[in-house]
Each structure stands twice: as C-alpha cells, then as structure tokens.
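This report concerns only the one structure given below.
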Amino acid sequence: MKNLKSYIETHKTRFLDELFALLKLPSVSADSSYKKDVISTANFVAESLKAAGCDTVEICETDGYPIVYGEKIMDTKLPTVLVYGHYDVQPADPLELWDSAPFEPIIKPTELHPEGAIFARGACDDKGQMYMHVKALEFMTSTSQLPCNVKFMIEGEEEVGSENLATFVKTHAEKLCNDVILISDTGMISKDTPSITTGLRGLSYVEVEVTGPNRDLHSGIYGGAVANPINILAKMIASLQDKDNRITIPGFYDNVEELSHDERAAMAKAPFSLENYKKTLDIDAVYGEKGYSTNERNSIRPTLDVNGIWGGYTGEGAKTVIASKAYAKISMRLVPNQNHEEITQLFKTHFETIAPDGVRVKVTPHHGGQGYVTPIDNIGYQAASKAYYDTFGKYPIPQRGGGSIPIVALFEDLLKSKTILMGFGLDSDAIHSPNEHFGVFNYLKGIETIPLFYKYFAELNQK
Ligand code: BES
Ligand code: MN
Ligand code: MN
C-alpha cells in the first residue's frame, strides 16, 4: 500500500493525542456512576468514525449502553470486513496501586518499551486496539486505498457480558452481513513475535451464597457448635479441585476437546520462557492441572477460579463473630465443546449437593459464553498472516488464547462468518490490572498492519 509508513510517521503525534482524548473518558460499564462518561465515549467513537471516512454512522440505542455502528460501502460486489471492538473498560480500582491516574493517560518508557508505553485504563483493552482500526480506516480513505467495504460495530458492554449486543446482532443480522469479522482485543506472543489468536475460552460465571445461622453470632458463645458459613464455603471451594488440580464437578470434563499429540507438539514450539514467566510474576513455581504445560493450562484446558470471596468482619482490628453469610464469585473458563449453560447447571447441582447440613446455599449464574476456535486454512487467516509478514518480517504463530470474548461464538452462529483475532497487546500490558499500558510501538504497528489485512483479504477474495 502506498505511503503507509510515511502516513503513520507524519500523523503519529495526532494518532496518540486522539487516543489520549478517548482514554480520558472513564467509560466503566460495570459502575453506573460512570453512565454519562460511557455515553460520551460512544459519541466520541461515533465522531471518530465519521472523521475517518464512514459514510453512515449511527448510535444504536439498546437496553443498556449504545452500540456505535458505522460503514463505508465502496461497492456491494466487493467483500465486506466487519470490525468489532469495545469502548467500555474495566473498573480502575484499586486506585492506590496505580503509579499515575488511570484516566489521565501518559507515555512512560518501560524495560520492554524503551520508546514508551501509554498508561491508562483501556490503553490496550480495548480502546487502544479498537482505535487502531479507526486510524487504519482513516489512512485507507484519505489515500483512496480502501479495497473493500467496511462496517464497524463498537459496543459499550463487553466487560459486563455483551448481553444487549447479542440481541442487536440477532435483530440486525442483515445489516451486519459480512465476509469476515476482524477484532483486535487479544494479544500476541511478544513484541517481535506476532501471533494470531485461533481460539478463545468460554466462560461460566456464578456467584454463591452460603447461609448459616439467621444472624451474626458471638464466636465464643456459639463457636464450635454451629456451622460457620465462611469455614464451610472455604471447604466447599477447596473440594472443587483434587490433588492433581482437576475439577471435581461430575461431568465437567465430558465434552472437553482433547488435542491430538501433534497439535500439542505444535503448540509447544511457540517461543516461551518459563523462567521469564515466573520472574515477571514474582512466583517461584507455576501451579496447575497435572499433565499439562503452562501454555496448555492457560489455553486449551478448562479452569475454575475464585474471583472474590467475602463475609464476616474485615475492618480494622478484631471482632469475634461468626457471620450469618459467606459469599464468593467463581469463574470457570471453558474450552471448545463445553456448553456454558450446561456447565453452570452442573456447577449449581454439585455445589448444592456438597453443602453439609447446617447451611443453605444459593447459586446465582451471571454471564457466560461459548469458546471459539478458528481454523487456519481460511482466507481471513491467510490475509492476516501476509499482513503481519509485511510489517514484522515474520509469519505469525497461531495461538490459542485463554481469555474470553463471548460474542465471537455468537457471531459465528448468527452471522455465519469467521472471526480473525489480530491482537497487538502483550501479556505484560496488565489489562484489567493497575498500570494497564499499551506500547506506542504496538499501537503504531497495529495501524500499519491492519490496512494490509484489507489489501490481502480483497486480493484473496478475487482469486
Ligand atoms: N479483551 C479481553 C479478552 C482477552 C484478553 C482475550 C486477552 C484474550 C487475550 C476482554 O475484554 C475480556 O476481558 N473479556 C472477559 C470476558 C467478559 C465476559 C467479561 C474475560 O476474558 O474475562
Ligand atoms: Mn477486551
Ligand atoms: Mn477486558
């Protein structure tokens, strides 16, 4: 593509300034006190799509936060790329662990990014990665090099389960029809090793409540004689994994896809340093399911993790009390073929079964979603692979991701198209954590690689 590198070089300061303006808006979808900011962010995204050359841009209202839709149709005979991303972000807390304010973006050098990284909530997940697509579109329209049609669908509820998006996709399937879906909301292996995410894990998220006595009790008067809901909850949770760290819920593994020896051998070839992994996390050993490597444990194997646990007295000093209730939030990452609704049901039945006399348990399902895998022999994958080759000088490595983007499986069901996950983030970017950041290098490389995807996708479609 003509002038790609020079266009980015000329406009990179503006590209960063615009992203900064987007990152300043605290679009935390989980916290309703940010409602106004989330809506302002939708407006910002809509304006940016207009400026980048979309012919039509709409802010589509839903029962929750709006979906921003934009399109540029060059010729209905040409293929269509649907770009998906999200403008909402995770809550920023705990604030005290940030070195700079989460919604006041700054560029600072890091060991990995001596040229600088953008620090802000959403820098990588997903504002930075989503905005790369807007700037890639700007480049293609302003230099008259957009080789196909493009549709953008940017939502504001990804971090809270995309429930309204599912309805939108169901009711607007025709409007959204496309030849490939393109998403940058995942990561790559390392700064100089591009990869394409070929799988995402599914998710079942539940909240549990254990109730013992009808009120908080004096732990001396009653201690030892009644079930303490916190003790019981801890025991019940501990029993959900056996000594090999396999999940004990009956039927949990029934539909788990087992990878062939060859597939596992291919996965093991991806560059990975266990020493580095441990070092960056400050741990002396890794931990997980027996018989699987670290990279298998965090991608092709299902998990069960407590995400939060509370109850009783947690204030200053001590209070001798047996709480009436204990709670936990638990997530299970699922792999292809495990049905998230079935797993939620299995969990519920099992958890209720193992509750001892003396307590009552309640299991409340939250959101969930199916896992996803994409084969590497389709045109979209090949186009992405060629694009990376041009900008990194290497072909990308296919890699299963451990995270979840539940809507991707639904896209396949409802729109019948495959999704290509061209992620430019790094594991060290600290998404969802304090000090989230995104390398300036990664941001600009994304803007450079995306137009080439369009070019090759259009070319391969003609053949
Ligand atoms: N962008 C992430 C998902 C992701 C990150 C996939 C890195 C692969 C690699 C997304 O925004 C996310 O956080 N998804 C949630 C699920 C959602 C239902 C809250 C997740 O994975 O926890
Ligand atoms: Mn994301
Ligand atoms: Mn996220």
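The values are calculated or read from the model by the stated rules, or taken from the named source; none is laboratory data. Computed from a prediction, not measured in an experiment: that's the story for all the values here. Virtual Cβ from ideal backbone geometry, glycine too; neighbours counted across all protein chains shown. The area values use the complete protein model at the heavy-atom level, side chains included, leaving out ligands, DNA and RNA. Shrake-Rupley method; radii C 1.70, N 1.55, O 1.52, S 1.80 Å.
Please give the per residue accessible area of segment 161-282, computed with a probe of 1.4 Å over protein heavy atoms only, in Å².
Heavy-atom accessible area per residue stands at 51 Å².
When the convex hull of the Cα atoms of segment 332-463 is projected onto a plane and the area is averaged over all directions, what value comes out in nm²?
Working: hull surface 45.8 nm².
Averaged projected area of segment 332-463's Cα convex hull equals 11.4 nm².
Convex hull over the alpha-carbon atoms of segment 98-203: what's its volume per residue in Å³?
It comes to 175 Å³ per residue, whole-number rounded.
Based on the Cα coordinates of segment 209-360, what is the per residue volume of their convex hull in Å³?
Output value, Cα hull per residue: 145 Å³.
Could you please tell me the mean projected area of the C-alpha convex hull for segment 196-271, averaged over all directions and given in square nanometres to one decimal? Kindly include the intermediate steps, with their values, before the conclusion.
Working: hull surface 36.8 nm².
For segment 196-271, averaging the hull's shadow over all directions gives 9.2 nm².
List the trypsin sites (Lys or Arg not before Pro) within segment 231-320 that fall in a DSSP loop (any state other than H, G, I, E or B) and whose Cβ has at most 10 other Cβ atoms within 10 Å.
Sites meeting the loop and neighbour criteria: K243, K269, K290.
Considering all projection directions equally, how large on average is the shadow of the alpha-carbon convex hull of segment 24-121, in square nanometres?
Seen from a random direction, the Cα hull of segment 24-121 projects 8.8 nm² on average.
Could you look at segment 47-122 and say what percent of its accessible area is carbon and sulfur, using a 1.4 Å probe and all protein chains?
After summing per-atom areas, the C and S share lands at 53 percent.
Take each of the peptides 23-32, 58-67, average the number of other beta-carbon atoms within 10 Å over its residues, and list them starting from the highest.
23-32, 58-67
Per residue, how many Å² of accessible area does segment 338-463 show with a 1.4 Å probe?
Heavy-atom accessible area per residue stands at 41 Å².
Return P(r) of segment 333-375 (all Cα-Cα pairs; 5 Å bins starting at 0; whole %; ordered from short to long distances).
5, 20, 24, 18, 14, 9, 6, 3, 1, 1, 0
As an exercise, take the mean of 1/r over every pair of distinct alpha carbons in segment 158-227, invert it, and state the Kirkwood radius in angstroms.
For segment 158-227, the Kirkwood estimate is 18.3 Å.
Counting only heavy atoms of the protein chains, get the accessible area per residue of segment 52-131 (1.4 Å probe) and round it to a whole Å² value.
Values: 3280 Å² over 80 residues.
Using a 1.4 Å probe on heavy atoms only, each residue of segment 52-131 averages 41 Å².
Given an 8 Å cut-off on Cα distances and at least 6 residues of separation, report the relative contact order of the chain as a percent.
After rounding, I find 25 percent.
Antiparallel versus total DSSP beta bridges in the chain: what percent is that, nearest 5?
Antiparallel bridges: around 70 percent, rounded to the nearest 5.
Normalized C-alpha radius of gyration of segment 420-463, against 2.2 N^0.38 Å?
Compactness ratio reported: 1.53.
P(r) for the chain, please, calculated from all Cα pair distances in 20 Å bins and given in %.
Histogramming the chain at 20 Å steps yields 23, 54, 20, 2, 0 percent.
Please report, as a whole percent, how much of the solvent-accessible surface of segment 367-463 comes from carbon and sulfur atoms (probe radius 1.4 Å).
That fraction is 53 percent.
For the chain, what does the helix formula give at 222 nm: sum of -39500 (n - 2.57) over DSSP H segments with n ≥ 4, over the residue count, nearest 500 deg cm²/dmol?
On the way: 12 runs with 153 residues, N = 463.
The helix contribution divided over the chain gives -10500 deg cm²/dmol.
Can you tell me, using C-alpha contacts under 8 Å and at least 6 residues apart, the relative contact order of segment 127-284 as a whole percent? Provide the component values of the computation, followed by the final result.
Working: 43 pairs, mean separation 17.7, N = 158.
Relative contact order comes out at 11 percent.
Considering only protein heavy atoms and a 1.4 Å probe, what is the carbon-and-sulfur percentage of the accessible area of segment 233-356? Write down the numbers at each step before the final one.
Values: 3660 of 7280 Å².
Of the solvent-accessible surface of segment 233-356, carbon and sulfur hold 50 percent.
Angle check, please: helix 35-51 long axis (alpha carbons) against the longest principal axis of the chain (alpha carbons), in degrees 0 to 90, nearest 10.
20 degrees
In terms of Cα to Cα distance under 29 Å, which lysines are near enough to K319, apart from those fewer than 8 places away along the same chain?
K235, K329, K362
Find which of C60, Y389, N164 sits farthest along the positive direction of the dipole of the chain, computed with +1 on the beta-carbon of Lys and Arg, -1 on that of Asp and Glu, about the Cα centre.
Y389
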